[in-house]
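To start, the structure under review is shown below, and the notes come after it.
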Amino acid sequence: MRFSTSVIAVAALFAPSLVAADDWQCNGNWDDGGLRRLSFTFDGYCEGSYGQCFLDAIRGKGVTVHNWQAWDLGNGYWEADLSTTAGLAWQVNNAIQDVTGTWRGCWPNQ
């Protein structure tokens, strides 16, 4: 079976996007004094600015963020944690969806 070089070139262009897709995952929640701490991991979104695109989107939903932290896990993923008033996790989910285009439904009823 023979393939033309143009077919191979097109396949090579699309192969990296299939393997190195952007991703994010829920990572738990817990009490933080009178606040609720929310955590998620991400890969492929604003790592160069320590997840600032997520923080900007969360604040853009009117959520007051306390103690934002984001760090490189060393495995290709980053982790971000933030504290906010209990009951606002749904807005954090909406903000993450605005950045990533995907919904995970993390932290129900939090």
- [ ] Pop out the carbon and sulfur fraction of the accessible area of region 53-110 as a percent, whole number, probe 1.4 Å.
- [x] 46
Task: Fully extended contour minus Cα-Cα distance, from SER49 to ASN27, at 0.36 nm per residue - done: 5.9 nm
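The values are calculated or read from the model by the stated rules, or taken from the named source; none is laboratory data. Please read all numbers here as calculations on a predicted model, not as lab measurements. Heads up: the accessible areas ignore ligands, DNA and RNA and are worked out on the full protein's heavy atoms, side chains in. Shrake-Rupley method; radii C 1.70, N 1.55, O 1.52, S 1.80 Å.
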